[in-house]
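Worksheet for the structure shown next.
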Amino acid sequence: MRAYWILPNRGQGDDILASDGGKIVPLRQILEPALRPPGFSHGVPTELLEKCGSKRFSQILFAQRFPDWTDHQQLFLVATPAGVDSSGRVVHLSLLFILDPHERPRFDLSDAGLPHEDRLHAHALTRRMAAPQRSDLWARSVLELSQLTSRRGPATNVELDRSAVRFDFLYTVASDGSIRKALPWRKFRKRSVLVLLVLAVVGIGLGERACQHSTQPSVWTGATLCHFS
């Protein structure tokens, strides 16, 4: 297991910095941009911040898991808001794990080499993960995600609605910003909607093609009105 802190970009510099607990280097030296899987995020997605509201920022833990990332290794990341920069923009602190097959994240990475402000957030994160409270569903969701079998695809601890990549998920975010266990029917319904959309697009395409080649009188296909000569 290799583990690194991804530090908050408080100065809004060009480089995102990372640390193994001691030395600080640009994140690209650890994880090249070209090798980052689709959908990879080094912080908490904006949609989660919007759903939860600023009063719940300190509770948020966002986790991603990418099995079979490369050479049978997997990526696992957990991120949390870590205050704001001078312009008031939310910044994030993350833990990135590069794991061999069957390894699980261990949340015992040293934070001694981190800047003081970042070290406070790092200590709070590791404390939550090392001894999660029964009421801390965010921490429990991260632990559950870390224990998924390696055969499952990319997954997140909580549902994302605006991601361009489809992730499996374990929890959903309620209207009050709390999270709850995702019901199986919800996942099935979301996938069914995607399948129906694909079938609708294919059906429209086939209907238009039939219109172009048919010599029969005008027919209403349910999706396209064909006009024939």
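Laboratory data are not the source of any read-out in this text; all were calculated from the coordinates shown. Owing to the predicted nature of the structure, the values given are computational and were not obtained by experimental measurement. Every residue, glycine among them, receives a Cβ derived from its backbone with ideal geometry; neighbour counts consider all protein chains shown.
Structure data summary
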read-out	value
I24-L183 FRET efficiency (beta carbon distance; Förster radius 41 Å; 0.05 resolution)	0.45
Geometric extent, Cα atoms of region 2-182 - Rg, Dmax (angstrom)	15.3, 43
Residue-count net charge about D111 - beta-carbon cut-off 12 Å; Lys, Arg +1, Asp, Glu -1	-2
Extension reserve of the Q133-E47 stretch, reckoned as 0.36 nm per residue once the Cα distance is removed	28.4 nm
Distance in nm between pseudo-label sites at R10 and V84 (7 Å out along the Cβ direction from Cα)	1.5
